Amino acid sequence: MQGYAPVYASRQVTNTIVTEASRATVRPGKIYAYGNYIFQVEQNEGIHIINNINPQQAKKIAFLKVPMATEIAIKSDHLYTNNLNDLVVFDLANLSSPKLVSRIADAFPAIDQTFPPFTNTYFECADASKGIIVAWELKLLSKPGCRR
Amino acid sequence: MKQILGYILVLIFFSCDKGGAETNAFANPTGQGGSLARFTIVGNYLYTVDKESLKVFDISNAAQPVFKNTVAIGFEIETIYPFKDKLFIGSTTVVHIFSIVDPAAPKKLSVAISPNVIRRCDPVVAKDTVAFATLRANGECGGTGSILAVYDIKDIFNPIQKGQYPVSEPYGLGYSDNVLYVCDRVNGLMVFDISKPYSPLFVRSIVNVKPVDVIPYNNVLIVWTNTGINLYDITNKLTPLLLTQIN
C-alpha cells in the first residue's frame, strides 16, 4: 500500500559539501539572482550556479553539493543556505568553487523524527538506530507498522 | 573608460571559462529572491522563516552570521518578503506584517486577511501602498476558489482587500513597474497590467510553461519552472519573449 517511509542519513553524509561539475536539473527548487549570476536549488541536493552575463546564452558553471539545501540568500559575495538544519555560509569570491566559511549548527528546527507531516496515513516506523531522518518519502510499502 | 572596463571583464570571464576562477563583476551587495523564499536579507540582517517562527541573524560580518533572535509568528508559515522597513510573511491562513525599524527585533504590526478565501497558500509582494498575494485554495492548502488578492496597505495597521482576480492554481508572483507576473500551474505565466492596482487587468498568458516563481531582474524575467529555469526578455514588460531555458 501507499505510505511514507523515512529517508535516513548519517551526519557524515549530510555534512559532505563539495563543488562538482554542473549537472542536469531534476527537481528544480528556489531561485536567486545576484549580479550576473543566477542560483537555483536542486531540491535537497544542492545549488546550481548559472552564469547569466549574456542571458541568451546563460549556462551552468558548477553544482554546489549541499545535502538537504532548500533556501538561498546572498550578500557581499557570501551565500547563505541550509544544510539540513544548519545555517551554512559560502564565500563566492570564486564562483566556480565556493568555499564553506561558517556553519551554525541546528539553526533551524529538525524534521520530525517520529512521524511524517501528514495524518490519516500509514508509514514505516522510525528507527533512530538507522541515523537521522532527512525526509519522509511517499512510496509503496509492504507492511507498514505505523499509522497516524 | 566604462567600455574598456567591460572589455577587461569579458576577457577575464572568457579566460576563466574552463574551471578557473570566475568572479562576479557586480557591486550591488544583496541579491534578489523569489516570492516563495524562506530566507531574505535586509541591510545587515538575514531573516529566515520556518513553519512557526522568524529568526534573525546579524550578518554585518558576512562570513560570520550571529544569531540574534527568534520571534514566534503562528502556524504553517511559508514565505517571507521584504519591503522597505517591513517584512511580509505569508502563511496558509493570513499574511503577517512585521516592522524591522529595530532590525534585530522584528515587531508584529498587523495581519492581512482575505474575506474570500479561508484557507490557502499566500506568497505576497508589495509595491508602494499596495500588496499583492496569490491565495491558492487547492491541493495541500485546502479551501476553494483561488484568487490574486490586492490589499490596500496605506494604513499598515489595517490592511484591506480592495481587489481580486480569479486564478486557478497560483504559486509565486513578482512585478516590474506596472506589470505583475503570476505563476499558475493551469494558466501558465499570467501577465497583468497593474497601472490601476485594485483592478488588475489580465493581458495575456504564456501557456506552454508550468511556472512556480519569478524574479523580474532588470530586463530579464527569471522563471522557475517544473524543468528548471526559463529566461524571458521583458524589455516590453507586457510581452515576455523566451530567451533560453536552463534545465
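Values as computed for the structure displayed
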item	result
Exceeding the 27 Å Cα-Cα cut-off - candidates A:Lys99/B:Lys68; A:Lys75/B:Lys108; A:Lys60/B:Lys55; A:Lys60/B:Lys196; A:Lys65/B:Lys237; B:Lys86/B:Lys196	A:Lys60/B:Lys55; A:Lys60/B:Lys196; A:Lys65/B:Lys237
For A:Ser97, B:Ser146, order by how many other beta-carbon atoms lie within 10 Å, fewest first	A:Ser97, B:Ser146
Theoretical gain in end-to-end length, A:Arg147 to A:Glu20 [0.36 nm per residue, Cα-Cα removed]	41.7 nm
Other-chain or far-sequence residues with amide H under 5 Å of B:Leu243's (modelled H)	B:Leu231, B:Tyr232, B:Asp233
Tail weight of P(r) past 31 Å, computed on alpha-carbon pairs of region B:30-246, percent	17 percent
C-alpha center-to-center spacing [region B:188-247, region A:103-148] in angstrom	37 Å
Amide H contacts of B:Arg185 (H built 1.01 Å from N, under 5 Å, at least 5 apart or other chain)	B:Glu169, B:Tyr171
Measure of compaction for the protein assembly as shown (Cα Rg per 2.2 N^0.38 Å)	0.99
Computed helical MRE - 222 nm, the protein assembly as shown, DSSP H runs ≥ 4 contributing -39500 (n - 2.57), nearest 500	-1500 deg cm²/dmol
Förster-model FRET efficiency, 30 Å R0, A:Glu137 and B:Gln245, C-beta, rounded to 0.05	0.60
Centre separation in Å (Cα based) which lies between region B:36-83 and region A:1-80	20 Å
Whole-number Å³ per residue for the convex hull built on Cα positions in chain A	126 Å³
Residue exposure sequence - B:Phe157, A:Phe115 - by fewest surrounding Cβ within 10 Å	B:Phe157, A:Phe115
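Read-outs throughout are calculated quantities, based only on the coordinates presented, and are distinct from any laboratory measurement. Because the structure is predicted, anything quoted here is derived from the model rather than measured. No Cβ is skipped: glycine too gets one built from the backbone with ideal geometry, and neighbour counts run over all protein chains shown.
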